[in-house]
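K.L.:
One structure, pasted below without further comment.
The values are calculated or read from the model by the stated rules, or taken from the named source; none is laboratory data. As the structure is a prediction and not an experimental result, all values here were calculated from the model. Heads up, the Cβs are rebuilt from the backbone with ideal geometry, glycines too, and the neighbour counts pull from every protein chain shown. SASA here: full protein model, heavy atoms, side chains in, ligands and nucleic acids out. Shrake-Rupley method; radii C 1.70, N 1.55, O 1.52, S 1.80 Å.
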Amino acid sequence: MSQFAKFLFLTLAGSAISTCAFAQQVKSQGATTQFVAPDQATQAAPVGIDFGNARAMPLPSAALAPPPSADSLLQAPNLPQTTPGHAAGGGGDGRQAPVQLVPPVNLNQQNEVAAAQDGVAPQESGTSGQPFTTNRVNAQGDNTQSFYAFRPTGKLFFNINGSTFVCSASMVKPGVVVTAAHCVADFGRSQYYSNWVYVPAYNNGSAPYGVWTVSVATVLTSYYTGTDPCTLSGVVCQDDVAVLTLRPQSGTYAGKRTGWYGYGWDGYGFNSSKQVLISQLGFPVSLDGGNLMQRNDSQGYTASTFSNNTIIGSLMTGGSSGGPWLVNLGVAPILKDTAFGQAATRNIVVGVTSWGYTAETAIKQQGASPFTSHNIVPLVNSACSATPKAC
């Protein structure tokens, strides 16, 4: 049993969910299964969430290292012949409604850079040898996280048997958030977690765009029942992806303020060798205590022997689960005497952080289930069919 599985067993074994009441809230419709959260009018908001003492959702940990990128290039990914597709995002109006959730932490300590250092330093990498660079989104003293294209990313708080845990997530429609399925449901146990609260652009205890509760959680039925194809059961899976539908506030959804990302599927942004340049965002608790948004950039490759997951180098750890993996992150320049390349749409999510290794390990890699026309597309379609105004 993996460390992640042991954690879930010990956490969930402490109490039982009322099967009858729970079943009334779960609706399976073919490829997707939805959990309809209790009416917020009957609950205090947010329910049972301890922002100050939230723990990182343990990052599902692979018991073996993925194949090197060079080996993966020699092995054709086991993917169907499909045409890449994508749906574009939107910028939002940027209107803030700040809420102070917990007192801020002193994070003013700066890393000292040797004055004698010349030239460009090599990129950081673990024993995997896969280069990456991980740093705060915010430069010292600024609020970059409050600008598009960073503000659609946020912290996701939720309960497991009364304890508060945290993942990362991002907006992909005005009222729809994408995250990892393991932040929403317990793989193969037909059981959801509860009381998700989304805080876009979270910044050291502050919620600049407010706090948003969830009305519907949607995962693939195969993940919910444990029949999803996985190289390592419940860890390296084909479809560790979920979407959450937010409740509106005064008729407005969070994405109207923060904007939202687009999302791509079936290889959007990947080259013919199934390689891609990924910008990963999230709130790993091992970095700045999870108080600041972090950005990681790395070339990703597709590992056919790892459920066709995308593999990147990364310093991120627990708490980063569900954070977006984007292609073309940022604001496009105005061009003159040149042209954009292929798959040039900005800010497209093509995966979310699914698994990795413990903070102490030296491998420094993470993986993401591929976004396909068989997971992200039906998940978003299901959420939008149930709540059209959220889309």
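K.L.:
Gap in Å between the Cα centre of segment 209-279 and the Cα centre of segment 305-324?
P.N.:
13
K.L.:
Treat each spin label as a single point 7 Å out from the Cα along the C-beta direction, and report the A139 to S163 distance in nm.
P.N.:
Taking the two extended label points, one gets 4.1 nm.
K.L.:
Determine the gain in length on full extension of the stretch Q96-S250; use 0.36 nm per residue of separation and subtract their C-alpha separation, reporting nm with one decimal. Display every interim value, and only then the final one.
P.N.:
Details: separation 154, 0.36 × 154 = 55.44 nm, distance 1.43 nm.
Result for the pair: 54.0 nm of gain on full extension.
K.L.:
Now for a different question. Probe 1.4 Å, all protein chains in place: accessible area of W212 in Å², nearest 10?
P.N.:
0
K.L.:
Rounded, prolate or oblate: which fits segment 331-391 when a ≥ b ≥ c are the square roots of the eigenvalues of the alpha-carbon gyration tensor, with rounded for a/c under 1.5 and prolate only if a/b beats b/c?
P.N.:
Verdict is oblate for segment 331-391.
K.L.:
To continue, here is another question. I need the shape label for segment 235-391. Rule: rounded when a/c is under 1.5, else prolate if a/b > b/c, else oblate, with a, b, c from the alpha carbon gyration tensor.
P.N.:
On the way: a/c = 1.34, a/b = 1.14, b/c = 1.18.
Taking the square roots of the gyration eigenvalues as a ≥ b ≥ c, segment 235-391 is rounded.
K.L.:
May I ask you to derive the relative contact order of segment 173-282, considering only C-alpha pairs under 8 Å and at least 6 residues apart, and to give it as an integer percent? Numbers along the way, then the final one.
P.N.:
Details: 159 pairs, mean separation 35.1, N = 110.
32 percent.
K.L.:
Testing the spin-label approximation: label points 7 Å from Cα along Cα→Cβ at T127 and K389. State their distance in nm.
P.N.:
In this crude spin-label approximation the distance works out to 5.4 nm.
K.L.:
Here is a follow-up. Take the alpha carbon gyration tensor of segment 308-359, find the square roots of its eigenvalues, order them as a ≥ b ≥ c, and report rounded if a/c is under 1.5; if not, report prolate when a/b exceeds b/c, else oblate. Don't skip to the answer; put the middle values down first.
P.N.:
Values: a/c = 3.20, a/b = 2.68, b/c = 1.19.
Note, shape of segment 308-359 comes out prolate.
K.L.:
Also, quick follow-up: Listed here are the pairs K155/K256; K364/K389; K27/K173; which of them are more than 29 Å apart at the Cα?
P.N.:
Working: K155/K256 18 Å; K364/K389 40 Å; K27/K173 22 Å.
K364/K389, as the Cα separations exceed 29 Å there.
K.L.:
If each of S272 and Q342 carries a label point 7 Å out from its Cα toward its Cβ, how far apart are those two points in nm?
P.N.:
With each label point 7 Å from Cα toward Cβ, the separation is 0.8 nm.
K.L.:
Over segment 262-360, what is the relative contact order in whole percent, taking alpha-carbon pairs under 8 Å and six or more residues apart? Intermediate results must be reported in sequence, preceding the final value.
P.N.:
Details: 176 pairs, mean separation 30.4, N = 99.
Relative contact order comes out at 31 percent.
K.L.:
Between F147 and V105, take the C-beta separation as r, use R0 = 22 Å, and let me know the FRET efficiency to the nearest 0.05. Walk me through the numbers before you get to the answer.
P.N.:
On the way: r = 22 Å, r/R0 = 1.00.
My answer for the efficiency is 0.50.
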